Amino acid sequence: MYYTFVPVLLLRTLVAASAMSLVVACAAEPLAQTELVRNASASTSQRSDSPVVDAQTESTQPSFSQWREQFRVEALAAGISAETFDRAFAGVRPDPAVIEADRSQPEFTRPVWQYLEGAISPQRVRSGQRLLDEHAASLDEIEARYAVDREALVAVWGLESSFGQIMGDKSVIRSLATLAHEGRRPAFAKSQLIAALEILQHGDITVQQMRGSWAGAMGQTQFIPTTYNTHAVDFDGDGRRDIWNSSVDALASAAHYLQASGWKQGQPWGFEVQLPTGFDYALADNEIRKPLADWRRLGLRGLPSGRDEASASLLLPAGHRGPAFLILDNFRAILRYNNSSAYALAIGLLSESFQGRGRVAGSWPRGEQPLSRSERLELQERLLAQGFDAGTPDGIIGANTRRAIRGFQQRLGWPADGHPTQELLGQLRAQP
Ligand code: CA
């Protein structure tokens, strides 16, 4: 998926969740998530489709109250009590703003370097350092229990909710009910809604306090309800898993999730490297993993000594003209939290910034303008026309599109980094 730039969702192992991720991410947090996909609401790219969708909606969809009655039967069959359901749904009406957000498709994305500047602002670094100090005793206990490094936890906390200050103020039940009734992915929303009702039934939070993003990401960790049910913990011992009001519960819940995602305490997320001239950029592929010893043999510089057997991939977030990073297991654990390599890079660099490190030495190609959504669609269509299978054009630069780009770059004799650029699109436009 958007794997380099577009932020995806929070926490889930469900494959199904990854499309929504984007969506959750948008609303989750102003900096970490949203800015990458800013300008979304202004996009008119979907306008031409809308009447068709609306017409179908009207003819086939039940009204909200009809839907609610049907869903009530399903919820009760799933173990939700009538009392829990009726209390949660009292006075609930669809939220038009949620539908609008669900249907918007961002036309423009920010370049990765701008995203990182926002994510790792001096103010956020200072806040994180202060909070590491303030919560030192709790973080000692959390590290001891979950074996996840405290700097990474505080970095996640900082990007997901600005350390608990921006969590989204929408009713989670109302948002998810709206999405389950007429969102783009009703089955996913419905599973989240059932999970949200389970949380209420368990008594962790009241329906009034259960607030989150328009897509249902909740609390200081921005967990979606299913992730909450599998990974939220009551660490402060008051009997409730309160990721909204208890920073300790939130930090421990994030630690629990990263532990389950394969975090290795004390290991780096990765590190910046320098590539030799004549390097085969096709090796910069998330699916290619090599031991550090092999990367060293290929001429990469900047690798730490030791750990030769550790398995790493090469990441070029802005293509071959930008900085290069070798990424290790902890980077992949962060991707489980939010499947965006820009996000994972931000978490890695922010956690190092708390310790006075985390600076990128290489220079970003600041003159390059990322492709807009319509340009990405055009790129995919033109790659297909040239015989390079980029998959069904969807504006998403995923593994298939990258492979197709590499093929075309190789035909041109260009560095095959799989990175979409205006220059590449220009070459495609010039093809017969
Ligand atoms: Ca608690």
Fill in the blank from the handout: Counting only protein heavy atoms and leaving out ligands, DNA and RNA, the solvent-accessible surface of E117 at a 1.4 Å probe, in Å² to the nearest 10, equals 100 Å²
Fill in the blank from the handout: In nm², the average projected area of the convex hull spanned by the Cα atoms of the range 72-161 is 10.9 nm²
Handout entry: Nitroxide proxy distance, nm - points 7 Å out along Cα→Cβ at R184 and Q209
Key = 3.4 nm
Completion exercise
A correct Karplus calculation of ³J(HN,Hα) over the range 367-383, with 6.51 cos²θ - 1.76 cosθ + 1.60, θ = phi - 60°, whole Hz and x for Gly and Pro, returns x, 7, 9, x, 5, 6, 4, 5, 5, 5, 4, 4, 4, 5, 5, 6, 4
Problem - For the range 128-145, Karplus couplings with θ = phi - 60° (6.51, -1.76, 1.60), whole Hz, Gly/Pro x - result: x, 4, 5, 6, 4, 6, 4, 9, 4, 5, 5, 5, 4, 5, 5, 4, 5, 7
Practice task
May I ask for the Rg/Rh ratio of the range 275-362, computed from Cα atoms with Rh as the Kirkwood radius, given to two decimals?
Solution key: 0.94
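Using a 1.4 Å probe over the heavy atoms of the protein chains, calculate the carbon and sulfur portion of the accessible area of the chain as a whole percent.
Here it works out to 49 percent.
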Handout entry: Three-way shape label, the range 287-432, alpha-carbon gyration tensor, a/c 1.5
Key = prolate
Fill in the blank from the handout: Answer in debye to the nearest 20: the dipole magnitude of the range 372-432 about its Cα centre, from +1 Lys/Arg and -1 Asp/Glu charges placed on Cβ, is 100 debye
Practice task
Leaving out ligands and nucleic acids, note down the accessible area per residue over the chain with a 1.4 angstrom probe, in whole Å².
Solution key: 41 Å²
Problem - Net dipole in debye of the chain [+1 Lys, Arg Cβ; -1 Asp, Glu Cβ; about Cα centre; nearest 20] - result: 960 debye
Completion exercise
On each of the three principal axes the extent of the alpha-carbon atoms of the chain, given in whole Å and largest first, is 68, 58, 34
Handout entry: Under-5 Å amide H pairs with A312, H placed in peptide plane, nonlocal only
Key = K290, L292
Fill in the blank from the handout: Relative contact order of the chain (C-alpha contacts under 8 Å, at least 6 apart) in percent is 19 percent
Practice task
Taking H placed 1.01 Å from N in the peptide plane, check which residues at least 5 places from V273 or on another chain put their amide H under 5 Å from its amide H.
Solution key: A324, F325, L326
Practice task
Report ³J(HN,Hα) in whole Hz for each residue of the range 348-355, in order, from the Karplus equation J = 6.51 cos²θ - 1.76 cosθ + 1.60 where θ = phi - 60°; Gly and Pro get x.
Solution key: x, 6, 5, 5, 6, 4, 4, 9
Fill in the blank from the handout: Each label sits 7 Å from Cα toward the beta-carbon; between D389 and D133 the label points are separated, in nm, by 5.8 nm
Handout entry: Alpha-carbon Debye profile of the range 191-327, log10 I(q)/I(0) at 0.22 Å⁻¹
Key = -1.16
Exercise for the section: Round to the nearest 10 and report in Å² the accessible area of L76, as given by a 1.4 Å probe over the protein chains' heavy atoms. Expected result: 60 Å²
Handout entry: Cα centroid separation - the range 60-116 against the range 247-262, whole Å
Key = 26 Å
Completion exercise
Rounded to the nearest 10 Å², the 1.4 Å probe accessible area of M167 is 40 Å²
Problem - Long-range HN-HN contacts of K170 with modeled amide H, under 5 Å - result: G212
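The values are calculated or read from the model by the stated rules, or taken from the named source; none is laboratory data. From a predicted model like this one, the values you see are computed outputs, not experimental measurements. Neighbour counts are summed over all protein chains in view; Cβ atoms, including those assigned to glycine, are modelled from backbone coordinates with ideal geometry. Just so you know, the surface numbers come from the protein's heavy atoms only, side chains and all, with ligands and any DNA or RNA stripped out. Shrake-Rupley method; radii C 1.70, N 1.55, O 1.52, S 1.80 Å.
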